[in-house]
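Visitor: Below are the structure tokens for one structure; questions will follow.
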């Protein structure tokens, strides 16, 4: 902590405040637990209908289906993250709070990331139980989840605030976000395949690519969030 | 006025070179390997070049709008125009590629790294154009779309690595093995170069037309606002009188 300057500490404090607020709202409203989590599991079940209940096929595709379910759920979590700011003039409150916009961005992204990690835990159980997946490389899998989730949450929060001001954001956000997070889905799937023993490749280069993606969008978000929030 | 003359000259030059490409391209002899389809080389690579050019212009114009020193509505209009023309050319690139791929590879589409990147590029451009369509306020739209445009570009290197690794890790198929450019003779190259000039001129002409339309729409909005304010003011005066 001594290495960080006062500014960085303030930024982290602001981020923690916002993340705490968002997570408290989610815990009390239970929208993520009551709606997004069942939706994610339902997607896993629907994939089984699409791909024949042939266990071999589902097991081989488990990594990709897992990350598709996470990506679709992420869309809902991000919509939700900005829906709570649009009611009761919450965005004006946020703007007038004097918190650092970069801190607000980090906080909102962190709250989305925590929700997604919880969902990934649930979906992981689902994939093991429903698809008969074999979790071999636990370290690789954990690193993949952390890096991919950071990227999804950061990019999602950038596009969430981009689309926040417009009327048709529910349909616009997927069109904007899905091509952006396409490399995350691709890289996370390949790394998870390696971790599940479905591919004889090294998963770590993919994890590094996920890390680069996350760093890019954390930087974009930290720079762009101020003007975007100010003008909304 | 001078702009109109340049516009007109650009349009004529584009039409003439496009017609030349068409005539010369159709008179190219069929090749042994690819038969009649080899002629697509007169249009497909030039269209692909313009698709990337349009994406690049959109990115640079977005950056210039974002930098405080160069911020001007002109860059916003240019980015908007370039993205829309880019959608047309990127779609044409994918369509002409598929028309060539079907007889040559036997399939309309392969999950080649370059094809996948182009498809993602089209999706990014469509998102950008859709974002512009739904924003109401001009200033807000300029900010939002400049950030969206630039953040679509910064992800391209990551996309590139992801799809390249993906395809090379799985199978070694690549466009290079079947690309027509490996055994081209002079006649084909000459027609392709005419095609490059024609498509670039067509892009410039479309870009300039679209830019002008964007400027007219903006001035119409400004005039509309001024008129509305004037009307309200008159109503107020009349109510007092």
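Each value in this text was obtained by applying a stated rule to the coordinates, not by laboratory testing. Since the model is a prediction, treat every value here as computed from it, not as a measurement. Counting neighbours? That spans all protein chains shown, and the Cβs are built from the backbone with ideal geometry, glycine included.
Visitor: Set the Förster distance to 41 Å, then compute FRET efficiency between residue A:230 and residue A:138 from the Cβ-Cβ distance, nearest 0.05.
Guide: Here the calculated transfer efficiency is 0.40.
Visitor: What residue among B:106, B:86, B:195 has the largest mean-square fluctuation in a Gaussian network model of chain B, using Cα springs under 10 Å?
Guide: B:106
Visitor: Over the whole of B:149-162, what's the average partner chain Cβ count within 10 Å per residue? Rounded to a whole number, please.
Guide: Numbers: counts 0, 2, 12, 3, 0, 6, 11, 1, 4, 13, 6, 1, 9, 11.
For peptide B:149-162, the averaged partner shielding equals 6.
Visitor: By how many degrees, between 0 and 90 and to the nearest 10, does the Cα long axis of helix A:37-50 differ from the longest principal axis of chain A?
Guide: Compared with the principal axis, the helix lies near 30 degrees.
Visitor: If R₀ is 22 angstrom, what is the calculated FRET efficiency for the pair residue A:48 and residue B:109, using the beta carbon separation as r and rounding to 0.05?
Guide: 0.25
Visitor: Per-residue ellipticity at 222 nm for chain B, helices alone: DSSP H runs ≥ 4 residues times -39500 (n - 2.57), over residue total, nearest 500 deg cm²/dmol?
Guide: Value at 222 nm, helices only, nearest 500: -28500 deg cm²/dmol.
Visitor: Taking a point 7 angstrom from the Cα of residue B:16 along the C-beta vector, which residues in the range B:205-225 have backbone N less than 16 Å away?
Guide: B:205
Visitor: Residue separation times 0.36 nm, minus the C-alpha to C-alpha distance between residue B:229 and residue B:67: what's the value?
Guide: 55.1 nm
Visitor: Still on this structure: Could you state the angle between the C-alpha long axis of helix B:186-240 and the longest principal axis of the C-alpha atoms of chain B, as a value from 0 to 90 degrees rounded to the nearest 10?
Guide: The two axes meet at around 20 degrees.
Visitor: Compute the helix-to-body angle for A:55-86: its Cα long axis versus the longest principal axis of chain A, expressed 0 to 90° and rounded to tens.
Guide: Result, in degrees: 10.
Visitor: Please work out the C-alpha center-to-center distance from the range A:160-224 to the range B:1-58 and express it in whole Å.
Guide: Distance between centres, Cα-based: 36 Å.
Visitor: Counting only other chains, what is the mean number of Cβ atoms within 10 angstrom of the Cβ of each residue in peptide A:213-224?
Guide: Per-residue shielding by partner chains comes out at 3.
Visitor: Which residue, B:80, B:198, B:19, tops the fluctuation ranking in a GNM of chain B built on C-alpha contacts under 10 Å?
Guide: Most flexible of the set in this elastic network: B:19.
Visitor: Sorting check: for A:199-206, A:222-229, A:165-172, B:25-32, which peptide has the highest mean count of neighbouring beta carbons within 10 Å, and how do the rest follow?
Guide: In descending order of packing, they fall as A:222-229, A:199-206, A:165-172, B:25-32.
Visitor: Tell me whether the protein assembly as shown comes out rounded, prolate or oblate; compute the Cα gyration tensor, take square roots of the eigenvalues as a ≥ b ≥ c, and use a/c under 1.5 as the rounded threshold.
Guide: Judged from the Cα gyration tensor, the protein assembly as shown comes out oblate (a/c at least 1.5, b/c at or above a/b).
Visitor: Let me ask something else about it. What does the structure give for A:194-204 when I average, per residue, the other chain Cβ atoms found within 10 Å of the residue Cβ?
Guide: Taking all residues of A:194-204 together, the mean is 1.
Visitor: Rg and Dmax of chain B over Cα atoms: what are they, in angstrom?
Guide: Cα radius of gyration and Dmax of chain B are 22.4, 88 Å respectively.
Visitor: Here is a further query. Rounded, prolate or oblate: pick one for the range A:160-232, where a ≥ b ≥ c are the square roots of the eigenvalues of its C-alpha gyration tensor, a/c under 1.5 means rounded, and failing that, prolate if a/b is larger than b/c, else oblate.
Guide: oblate
Visitor: Does a label point 7 Å from the Cα of residue A:83, set along Cα-to-beta-carbon, have any residues of the range A:21-41 with amide nitrogen under 15 Å, and which are they?
Guide: Within reach of a label on residue A:83, which here means backbone N under 15 Å from a point 7 Å along Cα→Cβ, the range A:21-41 contributes A:25-40.
Visitor: Moving to a separate point now. Under a plain spin-label model, where a point goes 7 Å from the Cα along Cα-to-Cβ, how far apart in nm are residue B:138 and residue A:39?
Guide: 3.7 nm
Visitor: For a test of the definition: using alpha carbon positions, the gyration tensor, and the 1.5 limit on a/c, classify the range A:5-229 as rounded, prolate or oblate.
Guide: Working: a/c = 2.14, a/b = 1.64, b/c = 1.31.
Cα axes put the range A:5-229 in the prolate bin.
Visitor: Can you tell me how much longer the chain between residue A:90 and residue A:57 gets when fully stretched, taken as 0.36 nm per residue apart minus their C-alpha distance, in nm with one decimal?
Guide: Full extension of this stretch gives 7.2 nm more.
Visitor: What is the spin-label model distance, in nm, from residue B:52 to residue B:74 if the labels are put 7 Å beyond Cα along the C-beta direction?
Guide: Going by the 7 Å Cα→Cβ label model, 2.8 nm.
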